[in-house]
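J.: Sharing a structure with you now.
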Amino acid sequence: MVPQLRVPHISTGEMLRQAIENDTPTGRQAKQYLDSGQLVPGQIMVDLVRQRLEQPDCTAGFLLDGFPRTVPQAEALDEYLSRCKRPLDAVLEMQVDEEVLVHRLIARARGDDQPDVIRQRMVAYHEQTIPVSAYYRRHGLLKAIDALGTPDEVFSRLLAAAELAKNRTR
Ligand code: AMP
């Protein structure tokens, strides 16, 4: 939940880690991809997100974090949201220097924050996620957020951009 925006925070990475911990069928399918830093196959992700967006706490809106990460995921999300007439207000791209990013990941020390796994996640980001920015720029939804600074500074920039987008579209 993001109290300031009154919408649930939906992190697909967090959902997958939870599924792995609970040893669910999705968790068992996803584990090898998280461990190696590769993207989980799109259909698994689209089904997971669609089911989550159908929960009652998403009726008044939602903040997706880490999804979509590929153009086919973005297209599937668009198709689903336009079918249920719930268009996105904005897409927030957190911009940060790659060197700073790697330092942050190492300091965080999550299971998939090993140097070789980080490298693979960067490859996946460059090959599959960067094109998502252009996709949403074409749709007029992309807002860049400067993600350099303290967590509080970055979070307040994110909130300001999200509030602005929400008020503009409602
Ligand atoms: P994150 O917590 O967002 O850094 O995600 C951790 C890992 O979960 C990623 O490296 C991927 O293996 C997987 N993952 C999370 N979101 C997605 C997504 N939208 N598409 C494919 N894989 C994902």
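The values are calculated or read from the model by the stated rules, or taken from the named source; none is laboratory data. Being a predicted model, the structure only gives us computed values, none of them experimental. No Cβ is skipped: glycine too gets one built from the backbone with ideal geometry, and neighbour counts run over all protein chains shown.
J.: Does PRO131 satisfy being in contact (Cβ under 8 Å) with a residue 12 or more places away in the chain and within 16 Å of the ligand (Cβ to nearest atom)?
T.: The answer is yes for PRO131.
J.: Name the residue, out of ASP89, ASP112, ASP116, that is under 24 Å from VAL7 (Cα atoms), touching a residue at least 60 places away in the same chain (Cβ under 8 Å) and not polar (S, T, N, Q).
T.: Sole residue among the options that is under 24 Å from VAL7 (Cα atoms), touching a residue at least 60 places away in the same chain (Cβ under 8 Å) and not polar (S, T, N, Q): ASP89.
J.: Residue check, THR150 against (1) farther than 24 Å from GLU75 by Cα; (2) in contact (Cβ under 8 Å) with a residue 40 or more places away in the chain, all met but one. Which one?
T.: Going through the list (1) farther than 24 Å from GLU75 by Cα; (2) in contact (Cβ under 8 Å) with a residue 40 or more places away in the chain, THR150 breaks only (2).
J.: Quick test of your reading of the structure: ASP89 fulfils all but one of (1) more than 15 Å from the ligand (Cβ to nearest atom); (2) closer than 24 Å to PRO8 by Cβ; (3) among the charged types (D, E, K, R); (4) not in a loop (DSSP other than H, G, I, E, B). Name the failing condition by number.
T.: (4)
J.: Is there any pair linking a residue in segment 17-30 that is within 17 Å of ARG110 (Cα to Cα) to one that is of a type in the set (A, V, I, L, M, F, W, C) and outside any helix (DSSP H, G or I), with Cβ under 6 Å and at least six apart or on different chains, and which?
T.: Going by the 6 Å Cβ cut-off, the qualifying pairs are ALA30/VAL40.
J.: From the list ARG108, ARG119, exactly one residue is surrounded by fewer than 16 Cβ atoms within 10 Å (Cβ to Cβ), within 15 Å of the ligand (Cβ to nearest atom), at pLDDT 95 or above and not β-branched (Val, Ile, Thr). Which is it?
T.: One residue alone meets the criteria, ARG119.
J.: Quick one: in segment 29-44, which of the residues that are over 24 Å from LEU81 (Cα atoms) and in a helix (DSSP H, G or I) is farthest from the ligand (Cβ to nearest atom)?
T.: Top of the filtered list is GLN29.
J.: Here is a follow-up. Filter segment 45-70 down to residues that are assigned to a helix (DSSP H, G or I) and buried (at least 17 other Cβ atoms within 10 Å of the Cβ), then give me how many there are.
T.: Looking only at that region, the number is 6.
J.: So, in segment 95-146, how many residues would count as being touching a strand residue (DSSP E or B) at 6+ places or on another chain (Cβ under 6 Å) and in a helix (DSSP H, G or I)?
T.: Total satisfying the criteria: 2.
J.: Look through VAL100, VAL46 and report the one residue that is without any contact (Cβ under 8 Å) to a residue 40 or more places away in the chain and on the phi < 0 side of the Ramachandran plot.
T.: Every option except VAL46 fails the conditions.
J.: Picking from PRO56, PRO8, which residue would you name as being in contact with an Asp or Glu (Cβ under 7 Å, 6 or more places away or on another chain), over 27 Å from GLU127 (Cα atoms) and at pLDDT 95 or above?
T.: Exactly one residue qualifies, and that residue is PRO8.
J.: Select from segment 46-80 the residues that are of a type in the set (A, V, I, L, M, F, W, C) and more than 11 Å from the ligand (Cβ to nearest atom) and write down the one among them that is nearest to ILE130 (Cα to Cα).
T.: It comes out as VAL71.
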